[in-house]
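The values are calculated or read from the model by the stated rules, or taken from the named source; none is laboratory data. These numbers come from a predicted model, not from an experiment. Here Cβ is always computed from backbone atoms with ideal geometry, including for glycine, and neighbour counts include all displayed protein chains. In case anyone asks, the SASA skips ligands and DNA or RNA and just uses the protein heavy atoms, side chains included. Shrake-Rupley method; radii C 1.70, N 1.55, O 1.52, S 1.80 Å.
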Amino acid sequence: MGEIIGVIGAGTMGNGIAQVAALAGYRVIVRDVKDEFLQRGLSAIDRSLSRDVAKARLTEEEKRSIIERISITTEWEPLREAAIVIEAVTENFAVKAEAFTALDEITNPDAILASNTSSISITKLGAVTRRPDKVIGMHFMNPVPVMKLVEVIRGMATSDETYEQVRSLTEKLGKTALDCQDSPGFVSNRVLMPMINEAIFTLYEGVATRESIDGIMKLGMNHPMGPLELADFIGLDVCLAIMNVLHEGLGDPKYRACPLLKRYVDAGWLGRKSGRGFYEYQSL
């Protein structure tokens, strides 16, 4: 698999992927559209690794070595030598397709192009490139350094060789690869998002308070986070985008997004990242 891993997007998922790749010994190139996004991503990695140092899971020297393996850029050219590039931009097909088109032009024809998408078709993304056999889904979970799962999604044209290389890489990153076919929402969000959406409906219809809804699921179902709390953690805009993909892709009205979710997104109440969602949060 080569020693250079490219990551597109320095946000929560992108910087998490960069961190685990550098921790595993890979050289990592992170590309984003603005230097301020890249600096924010590096700061997040530094804070995360500092917590590991404080808990004696890493030494200061190991932390320094990990950060030194990560380089940042606003250009596409530095990604030319990457053996695999993992895209982690916003959950929007047009934005992702633009990234894949650019990567297809700049990277070695043998390079694998992976997407961290949580719901968008890998087959459709592969079709915007000249190498659909080398396009695959690597859906990491948030927070990436902590969560063990990578949902591996094969598009219709994904080759066996690409699949095997990505499974091998996933294991080298210290993660567990579990497979699914290319279907809207894959497994994780096809199961999770309708549950979250239904929880929002119960709040919308006045069935119970937010605290009661979350408390019932935590105490009664042994969930570590309630569905409304989890929605805030994920981002309500992301939840809405995934529900829309499910509704459009599967054509079943049971996947329609709750009107309250749409209103919150329209209001800019996106959850933790905006300071308000179904709960209120202090600004970082």
message = Connecting C-alpha atoms closer than 10 Å in a GNM of the chain, tell me which of M225, M141, M156 has the biggest fluctuation.
response = M225
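Counting heavy atoms of the protein chains only and a 1.4 Å probe, report the per residue accessible area for the chain as a whole number of Å². Before the final figure, lay out the partial values.
Values: 13850 Å² over 284 residues.
In whole numbers, the chain has 49 Å² accessible per residue.
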request  = Please give the residues of segment 241-284, grouped as numeric ranges, whose backbone N is less than 19 Å from a label point set 7 Å along the Cα-to-Cβ vector of I216.
outcome  = 258-261, 278-279
ask   = In nm, to one decimal, how far is the modelled label at Q181 from the one at T74, with both set 7 Å along Cα→Cβ?
value = 4.4
request  = Lys and Arg at +1, Asp and Glu at -1: add these up for the other residues within a Cβ distance under 11 Å of N189 and post the number.
outcome  = -1
key: Reachable aspartates and glutamates from K34, criterion Cα separation under 17 angstrom, eight or more residues apart if same chain   = E75, E77, E87, E98
ask   = In percent, how large is the relative contact order of segment 67-115, given Cα pairs closer than 8 Å and 6 or more residues apart?
value = 49
Dipole of segment 40-174, positive end: most advanced residue of I136, V53, S115 [Cβ charges, Cα centre] = V53
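Got a number for carbon plus sulfur as a percent of the chain's accessible area, 1.4 Å probe?
Numbers: 7250 of 13850 Å².
After summing per-atom areas, the C and S share lands at 52 percent.
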task = Have a look at E205, E229, E98 and tell me which one the Gaussian network model of the chain (Cα, springs below 10 Å) gives the largest fluctuation.
result = E205
message = Please give the charge dipole size of the chain, origin at the Cα centre, charges +1 on K and R Cβ atoms and -1 on D and E Cβ atoms. Round to the nearest 20 debye.
response = 500
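Quote the FRET efficiency, to the nearest 0.05, computed for A56 versus E171 with a Förster distance R0 of 25 Å and r equal to the Cβ-Cβ distance. If you can, show how the numbers build up before the last one.
Details: r = 25 Å, r/R0 = 1.02.
My answer for the efficiency is 0.50.
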